[in-house]
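Before any comments, here is the structure.
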Amino acid sequence: MLRLIRRLEDVRPDALLEAGLPLPLARLLWARGVRTQAEAQAFLHPSLDDLHDPLRMHGMAQAVLAVREAMAKNRPMVVYGDYDVDGVCASALLVEALRSHGAHADVYTPSRHREGYGLNVEAVERLAARYALLISVDCGINAFAPAEAAAKRGMTLVITDHHEPADRLPDAAAVVNPLLGAYPFRRLCGAGVAWKLVWALFGREAAEPLLELAALATVADMVPLLGENRIIVAHGLRQLNRTRRAGLRALIEAAGLADKTVTAGHLGFQLAPRINAGGRLAEAGRSVEMLLTQDEALARRVAEDLNAQNAERQRLEAQIVQQAEIWVRENVDFLSERALVVVGRAWNPGVVGLAASRLAERFAWPAVVLTEQDGMCTGSARSIPGVNIFQALSRCADLFERFGGHAQAAGVTLKTENVPAFRRRLSEAVEAVAEPEAFVPAAAYDLEASLDEITVPLIEQLDRLAPTGFGNPAPVFRLTDARVLEARAVGSEGKHLRLRLAQAGTALDGIAFGQGEARSRLPERVDVLFSPSVNEWMGRRSAQCEVERLLPHSPRDAFAADCLARADAFDLALLEAVLDGRPMDAAAPPPDEAAARLREGWQGTLLTVRTLEGARRACAWLERLGLADRVDYCFGRPQDPRRFHTLCAMPQPGAQEGFAHAYALDDARVPAALAAWLPDDNALRALYRALRAGVLSSEAALSRACGLRPAAVRLGLTAFAELSLIDYQPAPFRVLMLPAAKCRLEESAALRAVRARAEKAEEEYA
């Protein structure tokens, strides 16, 4: 099941149109809260002059005093950062700025594997023996015990962070966080806060050369690319594309981007994973070293190592995800549980967060992936839209040794013995904080479009929204009823899908990244969610579609087509049921009962049909009730473990498992479907003549030779075998002609049973 959500209102933003903006761009800006020409100008032309004074941020003035005092007295200081991209970039930019202004500043990056996230008491105690001042970046907002340890040993502590604070703050000389106080922009990343500290310490001109690092962290940390973040990334990208920083140049080359203009997408999907790989599989300190060094050879060595570690990270991630998916499918009751909590023995702790993201994407459920060792579990949580995972985890805080995070991602540490209670209570907590319909997968788009509207000039206008990403997504268009002219798997192991789509005489190329496996099941007509882009090849620029979703033109239409294509399967199932003596009649449920079940939620009701006519009637019934979009459609067995409302044709044994309610929508007319293909005596004699003439290769060959449906052929063969005219087995198909003998067709029990069922139905509904 997939809900399609249109992000744009049907409004005409006249104030923006008066500024000369084309309608699609004006409407997209309106959706981002832009209402006036001045606001449009500020959005489309991000200016450093629109950044806020850093001294307006809570704790910034106190932090400046503490750092300046340490510098004035030449006291050694250490920057303590997190091991992810945000922490690495924050550490690098702050240390570089401090050193360039004469400070004795070192950097400490904790080990993900030995120390875990954030400040820890042991590290603080060790550092206190060497340093008079500790500045945390991207961590520390809830580090109460480490703050006490620093105070006991006489070390000044300055905390800079952007994560959610608790109801109290650690005891420190300064706590800098845009979520505290009345700072105008609250969604900076950790490196953004550190960059603001550099500005407050040394002035904006001193901070500006560090924007490329702040931009990389901003994109990697998935904070919204609006307001100050948009300005930081826009200017940081310009800087990065002409960077003189040896580490960034080496990283860009290792990622295969040396001859390309680096975009926000490249930061998030190419550069950031490589930096993160250092902290996930080894030590993040080498990534900091790469960003700080001026040694070209050293930078290349580290970048190459990070590239190799990233490849290994991808392998480990795929392995964990595969194991986790198997466990989820075998153990999770999606009707009663609202979160996935998966535990693996000695899984790499640096990769479990990525695995949690993949599970959340795959199942559209909040997911926690834990690695267990020596009686302790450490891991990461990832959420879905509509579920604040930090709030949910806060309701389970008594089970944790420690935890922290924000609305969509968090980290936890707990004793293994607490996992069962955690699994139960997290599900209850998610249920309590979730928004309605949060558990139904959704895909958002902005505008309806036809292929002839997607042109290079339009795309160039839309490119003015860049940098795009989280909070400022690239525009997504919905294309309906397009024909698939071509679909072929491309890339390593056929991971991607190259398409050519057509609509009303216009054709356009498309690329669907990571969807190569969809090639074999693509229907002829599709609906497409895509972002338009310009493809440049041999000096020629053309429009193309970067496909996010490929959907059947209509799920109901695709279901109907599937049923028609499998009409023979309906016939054969009816035949087998009659021959086995199984009852096929089922009373139709009261329409109001089934409808009520469908309306009361999004999960748990299975509707089944066993005849082609039953499938047609069921689709029409759902359409009349306005419930057609609340139902999945399948043939044989539902595949989605979440058990959304489903209409299933020809259900396989066990198809009802996992559903709270099940209704058979066929009524007592089921046997009447037999009349559509039931052969008379003349048809059976023709079938026997075909056998005598040597048509013995398959049921399909006999069907073509006699013009009979497959079920009629199988019934005839069964009858002939009963009458000792042939030796017959259906699978694998084999027919052996026996010596002809006089017999009467009505002597076949199979033929009599099927004809009797058909006659009974005719009498009852004459």
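Points worth noting:
- When Gly658 is tested against (1) in a loop (DSSP other than H, G, I, E, B); (2) under 30 Å from Leu674 (Cβ atoms); (3) not aliphatic (A, V, I, L, M), exactly one condition is not met: (2).
- Every residue from the stretch 350-400 that is out of contact with any Cys (no Cβ under 8 Å at 6 or more places or on another chain), among the polar types (S, T, N, Q) and not in a helix (DSSP H, G or I): Gln373, Thr378, Ser380, Ser383, Asn388
- Residues that are in contact with a helix residue (DSSP H, G or I) (Cβ under 8 Å, 6 or more places away or on another chain), of a type outside the set (Ser, Thr, Tyr), surrounded by fewer than 18 Cβ atoms within 10 Å (Cβ to Cβ) and not assigned by TED's automatic domain parsing to the domain that holds Ala758 do not occur anywhere in the stretch 642-657.
- Candidates Ala145, Ala103, Ala166, filtered to the one that is touching a helix residue (DSSP H, G or I) at 6+ places or on another chain (Cβ under 6 Å), under 19 Å from Thr413 (Cα atoms) and not assigned by TED's automatic domain parsing to the domain that holds Gly379: Ala145
- Meets criteria (of a type outside the set (Val, Ile, Thr) and over 30 Å from Gly614 (Cα atoms)) for Arg549: yes
- Residue check for Phe403: assigned to a strand (DSSP E or B), at pLDDT below 95 and surrounded by 18 or more Cβ atoms within 10 Å (Cβ to Cβ): yes
- Yes/no for Gly601 being within 32 Å of the chain's Cα centre (by Cα), of a type outside the set (Asp, Glu) and exposed (fewer than 15 other Cβ atoms within 10 Å of the Cβ): no
- Of all residues in the stretch 1-28, those satisfying the criterion of being of a type in the set (Asp, Glu) and at pLDDT below 90 are Glu9, Asp10.
- Search result, residues across the stretch 77-111 that are modelled with pLDDT under 95 and out of contact with any strand residue (DSSP E or B) (no Cβ under 9 Å at 6 or more places or on another chain): Tyr83, Asp84, Ser111
- Condition met for Pro523 (in a loop (DSSP other than H, G, I, E, B), modelled with pLDDT of 95 or more and not assigned by TED's automatic domain parsing to the domain that holds Ile384): no
- Scope the stretch 476-505; condition crowded, with 16+ Cβ neighbours inside 10 Å, among the β-branched types (Val, Ile, Thr) and closer than 14 Å to Leu551 by Cα; matching residues: Val484
- Within the stretch 278-316, being at pLDDT below 90 and in a helix (DSSP H, G or I) holds for Gly278, Gly279, Arg280, Leu281, Gly285.
- Total residues in the stretch 324-339, condition touching a Gly at 6+ places or on another chain (Cβ under 8 Å) and under 22 Å from Leu354 (Cβ atoms): 1
- For Leu678, the test of being touching a residue at least 40 places away in the same chain (Cβ under 8 Å) and assigned to a helix (DSSP H, G or I) is failed.
- From the list Ala596, Ala569, Ala662, Ala587, the lone residue that is surrounded by fewer than 21 Cβ atoms within 10 Å (Cβ to Cβ), aliphatic (A, V, I, L, M) and at pLDDT below 85 is Ala587.
- Among residues of the stretch 170-225, those that are assigned to a loop (DSSP other than H, G, I, E, B) and either within 19 Å of Leu292 (Cα to Cα) or aliphatic (A, V, I, L, M) (or both), counted: 9
- Ala367 being surrounded by fewer than 23 Cβ atoms within 10 Å (Cβ to Cβ) and in contact with a Lys or Arg (Cβ under 7 Å, 6 or more places away or on another chain): no
- Restricting Val387, Val430 to those that are in contact with a Ser or Thr (Cβ under 9 Å, 6 or more places away or on another chain) and crowded, with 20+ Cβ neighbours inside 10 Å reduces the list to Val430.
- Taking the stretch 6-38 as the range and being outside any loop (DSSP other than H, G, I, E, B) and either of a type in the set (Val, Ile, Thr) or in contact (Cβ under 8 Å) with a residue 12 or more places away in the chain (or both) as the test, the residues that pass are Arg6, Ala15, Leu16, Pro24, Leu25, Ala26, Arg27, Leu28, Leu29, Trp30, Ala31, Gln37.
- The strands (runs of 3 or more DSSP E) located wholly in the stretch 434-514 include none with 2 or more residues which are in contact with a helix residue (DSSP H, G or I) (Cβ under 6 Å, 6 or more places away or on another chain) and at positive phi.
- Out of Arg130, Arg112, sole residue that is surrounded by 17 or more Cβ atoms within 10 Å (Cβ to Cβ), of a type in the set (Lys, Arg) and in a loop (DSSP other than H, G, I, E, B): Arg112
- Residue within the stretch 101-109 that is free of Cβ contacts under 8 Å to residues at least 24 places away in the same chain and among the hydrophobic types (A, V, I, L, M, F, W, C) present: no
- Of the residues making up the stretch 212-230, those that are among the aliphatic types (A, V, I, L, M) and crowded, with 23+ Cβ neighbours inside 10 Å are Leu213, Ala214, Ala215, Leu216, Ala217, Val219, Ala220, Val223, Leu225.
- Of all the residues in the stretch 614-641, those that are in contact with a helix residue (DSSP H, G or I) (Cβ under 7 Å, 6 or more places away or on another chain) and in a loop (DSSP other than H, G, I, E, B) number 3.
The values are calculated or read from the model by the stated rules, or taken from the named source; none is laboratory data. Just so you know, these numbers come straight off a predicted model, no measurement behind them. Cβ atoms come from the backbone with ideal geometry, glycine included; neighbour counts cover every protein chain shown.
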